[in-house]
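Report on one structure; see the data block that follows.
The values are calculated or read from the model by the stated rules, or taken from the named source; none is laboratory data. For clarity, every value in this text was computed on a predicted model and none was experimentally measured. Backbone-built Cβ (ideal geometry, glycine too); neighbour counts: all protein chains shown.
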C-alpha cells in the first residue's frame, strides 16, 4: 500500500508539472508522494481485512470446483478462441471492423461455449486426471470407524448397503499405526487391519488408490475425496463429522446412531402405565408404553385397569424388541 501510494503521488506530481507549474514541480511531487505513502499506511489494515475476506471467498469457491466442470469450461474456452480467430479474419473485410468488435465477438463466443460445456460437464469426466467414479450409495470409511469395529457387526446383520470404499491413504495410516513403537497405537492399527480382513468376508470393499499430495492431513483428504465423488463419509470422529457437514458432505456416524438408539428409559426412572393383562408368573402385570414397549410389573396384577406409577428395575433388549421390568412405586419406596 505504501509503494502504491508513492507511485500514485509520483504520477500526480507529473500531471501537475505538465499542467504549467514547472517551478514547484519537484517539491509538489515529493509532497504528494509522502502524503500518498502515509495514506497508504493508514489504509493498509482496512485493505488487508478486505483482501483476506475476498481471498477466503475465492478459496471457498475454488474448493467447490469439480474437475469435470473445470475441464468442461477449459474445453469451451478453447473452442471459443479458435472460432474467434476464424471469425476475426472474416470480419476484417468489413468497413466497420475495429479491434473492439473482435473482442466483443470473442467474449460472446466464450460466454456461450463455456456455459454450454459446464451444463454438460458429465461428458468431460474422461478429460480429468484422478477422477474417481463410484457406484451410487458409496460410503468412504475413515480409520476411526474401522478401528471401532462396530461396522463389522452392522455389515453382518445387513444394515450396511452400497459400496464401502477404503482410501489408500487410510490403509497406509493403519499400517503406520500397526508398526508404531507405542504399544497402544500398535494395537489400534492391528485391530483396524483385522477388522478390514473380516469385513471383506461379509461385505465387498474396494481400496481406492486416490491421494492428493497438496493436502497434509487425512481429514482434509477424506473431505476432498467425498466432495469430488459425492459419496457419504462413514466416521466416528466428531470433529471430522462437523467439518464435513460444513462442506455439505453427507455424514454417517455410528456413534450418533448408537446415541439415537440408546434406550430412553433407564433403571430408577418412573413411569405411569395401565396394567392390561397378567404376566407369565403369579401376580405379574403387563402394560405397554405408547410406542408398544412391554412393561412387566412385579406384583402389578392387582392394579389391573388402573393407571399406576412404577419404578424401572431393568431394561432388556431382546430379539423381538425391548422389555422393561418394573415394580409399583410404593413397593419401591418401601424397599
Residue check, residue 230 at pLDDT below 90, in contact with a strand residue (DSSP E or B) (Cβ under 9 Å, 6 or more places away or on another chain) and either surrounded by 17 or more Cβ atoms within 10 Å (Cβ to Cβ) or over 30 Å from residue 328 (Cβ atoms) (or both): no
With the condition kept exactly as written, say whether any residue in the stretch 86-104 is within 28 Å of the chain's Cα centre (by Cα) and surrounded by 12 or more Cβ atoms within 10 Å (Cβ to Cβ). no
Here are 225, 216, 193, 199: which of them is surrounded by 14 or more Cβ atoms within 10 Å (Cβ to Cβ), in the same structural domain as residue 153 (by TED's automatic domain parsing) and at pLDDT below 90? 225
What tally of residues in the stretch 162-175 results from selecting those that are over 21 Å from the mean Cα position of the chain (by Cα) and either surrounded by 19 or more Cβ atoms within 10 Å (Cβ to Cβ) or farther than 28 Å from residue 230 by Cα (or both)? 1
On the given criteria, is residue 100 assigned to a helix (DSSP H, G or I) and under 30 Å from residue 248 (Cα atoms)? no
Within the stretch 137-229, considering only helices (runs of 4 or more DSSP H) that don't extend past its boundaries, which have at least 3 residues that are touching a helix residue (DSSP H, G or I) at 6+ places or on another chain (Cβ under 8 Å), over 29 Å from residue 63 (Cβ atoms) and free of Cβ contacts under 8 Å to residues at least 24 places away in the same chain? 183-202
Go over the candidates 82, 52 one by one and state the one that is in the same structural domain as residue 116 (by TED's automatic domain parsing), surrounded by fewer than 14 Cβ atoms within 10 Å (Cβ to Cβ) and either within 25 Å of residue 227 (Cα to Cα) or under 41 Å from the mean Cα position of the chain (by Cα) (or both). 82
